[in-house]
Amino acid sequence: MDKSKILIVDDDPDLRRALNIRFRASNYETAYASDGLSAISMAQKEKPDVIILDLGLPAGDGFVVMECLQDIAALSCIPVIVLTARDPQSARERIMNAGATAFFQKPVDDRRLLSAVRAVLSPAWTGGKLHSSN
């Protein structure tokens, strides 16, 4: 069976590296993007099973990325888990309305993030939203 692939989109190389280590240790493949434009390109190229997306990105923020993903039929069904430093109280509704499956505020508890990834990759997953944030 093929490993599930996670696209990590964040402009912080240390966070990308830490998430890469965590996900690979949990038997997932990973791919990276550091800005909004490369996120769409990598999603088209890699066809990930889930996307971990920061909102504060150069070359198109996370909201632009989610809008583009929704506009591309082959990418619109990929679950997006937002990982952001923005205040969850002011951003929650906008994030979920933009198409995110879940969101977590940085710094994130690795176990909770991994649990959300496992949930959306589960054969029982039927779509929808997960309860999330910190």
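Numbers for the structure displayed
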| item | result |
| --- | --- |
| Highest-fluctuation residue, Pro13, Pro58, Pro123 considered, GNM on the chain with Cα pairs under 10 Å | Pro123 |
| Distance cut-off 23 Å, percentage of C-alpha pairs in the chain lying past it | 22 percent |
| Whole-percent carbon and sulfur share, accessible surface of the chain, 1.4 Å | 50 percent |
| Karplus 3J(HN,Hα) series, Hz, for segment 102-114 with 6.51 cos²θ - 1.76 cosθ + 1.60 (x for Gly, Pro) | 7, 8, 9, 8, 6, x, 9, 6, 3, 5, 5, 5, 4 |
| Local electrostatic count at Asn27 - Lys and Arg +1, Asp and Glu -1, tallied over other residues with Cβ under 12 Å | +3 |
| Total lysine pairs whose alpha carbons fall under 23 Å of each other in the chain (8 or more apart, or interchain) | 8 |
| For the chain, with +1 on Lys and Arg beta carbons and -1 on Asp and Glu, the positive-most of Gly60, Val120, Phe104 along the dipole | Val120 |
| Estimated distance in nm for a label pair at Ala85 and Ser122, the labels positioned 7 Å out from Cα along Cα-to-Cβ | 3.3 nm |
| Per-residue HN-Hα couplings for segment 13-24 [Karplus 6.51, -1.76, 1.60; θ = phi - 60°; Hz; x = Gly/Pro] | x, 5, 5, 4, 4, 5, 5, 4, 4, 4, 5, 5 |
| Structure-based [θ]222 nm, the chain - -39500 (n - 2.57) summed over DSSP H runs of at least 4, per residue, nearest 500 | -12500 deg cm²/dmol |
| The chain - share of DSSP beta bridges that are antiparallel (%, nearest 5) | 0 percent |
| Interchain or long-range residues, amide H under 5 Å from Tyr32's placed H | Ile8 |
| Computed Rg/Rh of segment 1-61, alpha carbon atoms with Kirkwood Rh | 0.96 |
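The values are calculated or read from the model by the stated rules, or taken from the named source; none is laboratory data. Predicted model only: the values in this text are computed from it and were never measured. Cβ: placed from backbone, ideal geometry, glycine included. Neighbour counts: every protein chain shown. The area values use the complete protein model at the heavy-atom level, side chains included, leaving out ligands, DNA and RNA. Shrake-Rupley method; radii C 1.70, N 1.55, O 1.52, S 1.80 Å.
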